[in-house]
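Here the structure comes first, spelled out in structure tokens, and everything after it is commentary.
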């Protein structure tokens, strides 16, 4: 649900664009960017881009192999670091930029052009070239210089060579012409099933069955290893696209002679389960007239028992059909079988399964009724996935408000039946709704899950998150964020107590969008004995709009990972006097993950010098065990301090400690003189003038060099 997912920090708004884009791409890889099931995700991504552009255009991301940064600030979201950044980097993107006026249609086109595998994108001339050809002008891509490595160029050339080899060999085999074939090239082709499957589909578009059969014949004549040719060919066939599988199976009866024998030999290596996966796409595409599919299967498996076993396996796939296709396919397969049908037994096996699958969906359709109230039919247990899909698919329909009116009553029935999976399914579906239907979805969630029920729901949600796949996790995440905003206190308690890291991250993301109101709740959790919990709540402090003072109590935490997280969080916060106090404490930190970052922040321009920091900075500047650049940074920070104490510390530093001094001390005295010259404090100007008239020669000369700009 797009219920204000972002925090008050602009970087979080920009980061949300990549999170939503990752979710959209994950769904589009199953269907397409413009598929109805992607509509809600497309809308959320468009809204996120619009919000980010509203804060400042253009929105620009620097892409690396395992991260994406905005304005030099690395992302903190795991989805960006583990999914979208590697995905874009693999496709050669170095920089991604959204400019004002980008439309939802343009975003959809952009997502579609990202879906092919990197070699295919490279063949098209790269992302930037393809985007220009597709008319994408407001999503700009800068590619990695030399993104295509020599190794990748060699792989592309070799693929083209294998493609030409197969086209020539296949043509000769189909025509029955004798031809010399290199067995090693055949072995190389079979050893790379995904590439071989793509080559067969590209080189044999006019007759996929002939192409697959010719590959099988080549493997049979020139086996790479004894008894391995059929297994290698099986792997290639299994790697084909669903459409190619359907066309290969339907073309099998037309084959004759050696070609038919070779393809049958390859199919013989399939087990029941794998053959069912091969048959299912053909049956799905020809549900209205399945006789051709059943005939081809009967030629592959002449004996009835193995054929029926495969069809029973095929029947299991009928329960996984998407909602927009299920009614048609199941209705066609479930029609009564005529007595004279040649494949009556096979049709009855499929028909029984189709009717059962359709029956299991029928009660769900009753929820579309316009009148609120109790559903007429009970909802069968274990249909959380389908309920979530139903709600999501209904979000764009005119009946969605009516569905939301009816869902609380349906949830009540499910609660009475003890069907927690189905209840979560409804809530997951509602949690993923955005756009025009969002208000109705929020109202339905408020009715189904009142605040007092949240503490008892969170453990069930935790358990569901543990075993969730990527798609379910996105839905559960939207629900967890919604729950966190409804009851921040319960979400904080559960996030502290749970050992489920995924659940904690989902809750913290929801709490972050609630803003500064949750900071007092978060501050109390920073005292947790669990280091990983403290780290999570430190990060949340920054995302929810906390201030550096909120982190002061945990700044000396014994776990170096916590201290490193505090330092990262401080970079996202507006600096104040406490920021510098914490950073100074980390300058000599024993951890190699903390110390360099603290020193880098000390050298930064954006610091606020308070009275408590002055003596600590002076001690750093005088510490001869420290590197000169750290001592120099301490002096420069004192020079930016607007308080008189800072200027006085600089003047004290300039005074010599003895007759003999090293060149490093002289150099640091010059740094102190320049810092005193540029000091914004009243005392700074007065003390620098005194230094120019000082009786101590070293002080006077340092000030004179500073005045001349040396």
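The values are calculated or read from the model by the stated rules, or taken from the named source; none is laboratory data. What you are looking at is a predicted structure, and each value in this text was computed from that prediction instead of being measured. Note that we place each Cβ from the backbone using ideal geometry, even for glycine, and neighbour counts take in every protein chain shown.
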Qualifying residue in the stretch 241-248 (condition: touching a helix residue (DSSP H, G or I) at 6+ places or on another chain (Cβ under 8 Å) and part of a loop (DSSP other than H, G, I, E, B)): yes
Members of the stretch 500-529 that are outside any helix (DSSP H, G or I) and at pLDDT 80 or above: 500, 526, 527, 528, 529
Entirely in the stretch 541-613, the helices (runs of 4 or more DSSP H) that have 1 or more residues that are under 23 Å from residue 525 (Cβ atoms): 560-572, 577-586
Number of positions in the stretch 567-591 that are surrounded by 18 or more Cβ atoms within 10 Å (Cβ to Cβ), under 34 Å from the mean Cα position of the chain (by Cα) and within 17 Å of residue 640 (Cβ to Cβ): 2
Condition broken by residue 576, with the remaining ones in (1) under 23 Å from residue 506 (Cβ atoms); (2) at pLDDT below 85 satisfied: (1)
Members of the stretch 275-303 found to be outside any helix (DSSP H, G or I) and over 16 Å from residue 319 (Cα atoms), listed by number: 286, 288, 289, 290, 301, 302, 303
Selection within the stretch 441-450 - surrounded by fewer than 19 Cβ atoms within 10 Å (Cβ to Cβ) and in contact with a helix residue (DSSP H, G or I) (Cβ under 6 Å, 6 or more places away or on another chain): 447
Scan of the stretch 106-126 for residues that are part of a helix (DSSP H, G or I) and at pLDDT 85 or above, ordered by number: 106, 107, 108, 109, 110, 111, 112, 113, 114
Any helices (runs of 4 or more DSSP H) falling wholly within the stretch 139-220 and containing at least 1 residues that are under 26 Å from residue 88 (Cβ atoms), in contact with a helix residue (DSSP H, G or I) (Cβ under 7 Å, 6 or more places away or on another chain) and at pLDDT 80 or above: 193-203
Residue under evaluation residue 430, criteria (1) modelled with pLDDT of 75 or more; (2) part of a loop (DSSP other than H, G, I, E, B), criterion not met: (2)
